[in-house]
Amino acid sequence: MSYFDDMEAQIPKGTVRTRFAPSPTGYMHVGNLRTALYTFLIARKYKGTFILRIEDTDQGRLVEDAADVIYATMKKCGLVHDEGPDVGGPVAPYIQSERKDTYMKYAELLIEKGGAYRCFCDKERLESLHAGGIGKYDGHCCRLPQAEIDEKLAAGIPFVVRQKIPASGETTFSDVIYGDITVPNADLDEGVLMKSDGMPTYNFANVIDDHLMGITHVVRGSEYLSSAPKYNLLYESFGWEIPLYVHCSPVMRDAQNKMSKRHGDPSYEDLIAKGYLSEAVVNYVALLGWSPGGENEFFTLNEMIEAFDLKGISKSPAIFDMEKLNHFNATYLRALAPEDFHSYAEPYLRQAVKKTAIDTKLIAPLVQPRCVVLTDLPEQVDFFDALPEYDCALYCHKKMKTDESSSLAALKAAVPVLAALKDWSNESLHAALVSLAESMGEKNGRILWPLRIALAGKGVTPGGATEIAVILGREESLARISKGIEKLAAL
């Protein structure tokens, strides 16, 4: 027993300790991110320790480099862990496959305590139970005499370790969100704890690790509620203190369907690739099932820590609303300092504006007030790189009271005025064109609208005619106006 005494002596105690324990299966879905976030917030709220543990016991589902995706995502979201595979800690290792020997030792201890037993049933017998309509294991190997068990072990017959469930009575499980849940023990399956290859199942490994790592609060999805009574029985069999459990309601695509990558719902990486800011995604995801109280919905990570309270977590499923996320993202983008917005926007602007002579620092202030997601930008600014083919019907604007004839006259009048300008700045261009409109007895829009169409070839643009002209430069602007005159004159 000295091994187990030594393990107990290493468990950190006296502070809140939480863990995020993802499986490295390739991406961080929204529900996973929310679990990581709530786990982090609890640890920081109570001045505790936030742990990252990689649960890779299901070797068949592992994806190469998926652990790197987890590290990168957490770093980008600001969820800095205090202990983990990459930073170490007092209860290492933090990767389950590296703790394999530990699980078998505890499985053997559990067998001695009467909380588990070895099951030698082969695949054929288990399939026959299923074919016979028996919905759970029938406990056959639990009743084997010790002599037969010893004989099978001596013969090297493969076995799994199953949890032993009391034949009668009930088990009550307590959850912060759902309260007390009582289940008849007769309804619980004697599930596998250790597989025949010596690897633990999720249900066993997470209980052992949570205890040995001193975890005080466990945050997981509500889909694990049905397994929760069996966790309690494991803790009770070992004689361990049960942590505080927080089961969160599912994140739904709509009222009927959970979000699923298989059905095309976005992961965190997908959202970032689609032009959403990490800060906006984290802020929105925090509100999927948690109400901070009050009317404010916008929080920095530090503000979330201050406001977070387990009482604000709801039982009701949370609907992932892309329009709401768009609102959050637009608000975050528009609140950025101009230089910060440009650093985010430049790669997207350069997808469309490849001419290095065009300064994206001049374009960024025009698109920032209208930007919802960064991937919208290339389509909005592609005209800066090359004038698109356009229909002269764009020159006709009911509100501006322009048509092809008035637009042709405006462009012809503007050319000598613009060509004579020495100062090609927005202020100078605007003053010259307003003066031109006044001299012609026209409203400003009757001059500026045709110019914008000639310069951009689009009816909707970021910025007006003078701002576009500044970015294009004198030579390109005059060339595009001349082309506009040609198109209109040819009608």
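The values are calculated or read from the model by the stated rules, or taken from the named source; none is laboratory data. Nothing here was measured: the structure is a model prediction, and the numbers come from that model. Positions of Cβ are generated from backbone atoms using ideal geometry, with glycine treated the same way; all protein chains shown enter the neighbour counts. We work out accessible area using only protein heavy atoms, side chains counted, and drop any ligands, DNA or RNA first. Shrake-Rupley method; radii C 1.70, N 1.55, O 1.52, S 1.80 Å.
Details
- Scanning region 305-314 for residues that are out of contact with any strand residue (DSSP E or B) (no Cβ under 9 Å at 6 or more places or on another chain) and closer than 16 Å to Ala43 by Cβ, we see that the one that is most open to solvent (accessible area, probe 1.4 Å) is Glu306.
- Long-range neighbours under 6 Å by Cβ, at least six apart or interchain, first residue closer than 16 Å to Ala456 by Cβ and part of a helix (DSSP H, G or I) within region 349-361, second of a type in the set (A, V, I, L, M, F, W, C) and modelled with pLDDT of 95 or more: Leu349/Ile363; Leu349/Leu377; Leu349/Val381; Ala352/Val381
- If the condition is being open to solvent by less than 70 Å² (accessible area, probe 1.4 Å), farther than 28 Å from Val353 by Cα and either in contact with an Asp or Glu (Cβ under 6 Å, 6 or more places away or on another chain) or of a type outside the set (S, T, N, Q) (or both), then region 387-402 contributes only Met400.
- Residue check for Glu170: modelled with pLDDT of 95 or more and open to solvent by 50 Å² or more (accessible area, probe 1.4 Å): yes
- Set side by side, the residues Ser407, Ser343 differ, and just one is part of a helix (DSSP H, G or I) and under 25 Å from Asn444 (Cα atoms), which is Ser407.
- Test: residue in region 250-273 that is more than 17 Å from the chain's Cα centre (by Cα), modelled with pLDDT of 95 or more and under 25 Å from Glu223 (Cβ atoms): no
- Pick from region 33-68, criterion at negative phi and without any contact (Cβ under 8 Å) to a residue 12 or more places away in the chain, ranking: surrounded by the most Cβ atoms within 10 Å (Cβ to Cβ): Asp68
- Out of Gly289, Gly293, Gly221, sole residue that is open to solvent by 10 Å² or more (accessible area, probe 1.4 Å), in contact with a helix residue (DSSP H, G or I) (Cβ under 8 Å, 6 or more places away or on another chain), free of Cβ contacts under 8 Å to residues at least 40 places away in the same chain and of a type outside the set (Phe, Trp, Tyr): Gly293
- Candidate set from region 69-88 (those that are part of a helix (DSSP H, G or I) and in contact (Cβ under 8 Å) with a residue 60 or more places away in the chain); member that is surrounded by the fewest Cβ atoms within 10 Å (Cβ to Cβ): Lys76
- Region 89-192 holds helices (runs of 4 or more DSSP H) entirely within its bounds, and those carrying 2 or more residues that are basic (Lys, Arg) and in contact (Cβ under 8 Å) with a residue 12 or more places away in the chain map to 100-113.
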